[in-house]
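Input: a single structure, listed below in structure tokens.
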Amino acid sequence: MKLLIAYRTLAYVTGVLLIVLTVGVLLKYLLGEGTAAQEAGDWITHVVGFMHGWLYMVYVIVTLLLSLRQRWSIPMTVLVALAGTVPFAAFFAEHRVVAVANAKAAAPEGATASA
């Protein structure tokens, strides 16, 4: 259960940081050079990009550990891990992971819930 809580926390944090990073990239590259918004975008991409990169690595490790514990299929594991690279996808993946985990927890002993 602690692993699921860690995954959920990392999914939300990684997802929010990725959205902020996307906004930063748009500000940095779509606005005129030297404007305040462009400089803010430059700062966002440096700081938030660094934070997202490190937290994404932790997210992938926790995802792999959770996938082993929950006995996910390889495609589900890969898709959930990649969800941290697509804006808003981490939120959908987190919802699916929690639904699968809850279904497995509610299933009778020996039964398996589909992933």
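FYI, it's all coordinate maths here, none of it is from the lab. Keep in mind it's a predicted model, so treat the numbers as computed, not measured. Cβ sites come from the backbone with ideal geometry, for glycine too, and all protein chains shown count toward neighbours.
Values for this structure:
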| item | result |
| --- | --- |
| Sites matching trypsin sites (Lys or Arg not before Pro) across segment 1-99 that sit in DSSP coil, with at most 16 neighbouring C-beta atoms within 10 Å | Arg71 |
| Label-point gap, in nm, between Ile5 and His95 - each point 7 angstrom along Cα→Cβ | 2.4 nm |
| Loop-resident sites, segment 25-115, for GluC sites (Glu not before Pro), counting at most 13 other Cβ within 10 Å (DSSP) | Glu33, Glu109 |
| Charge context of Arg69, other residues only, Cβ under 12 angstrom, K/R +1, D/E -1 | +3 |
| Share of pairwise Cα separations in the chain, more than 23 Å, in percent | 37 percent |
| Highest-fluctuation residue, Thr63, Thr85, Thr35 considered, GNM on the chain with Cα pairs under 10 Å | Thr35 |
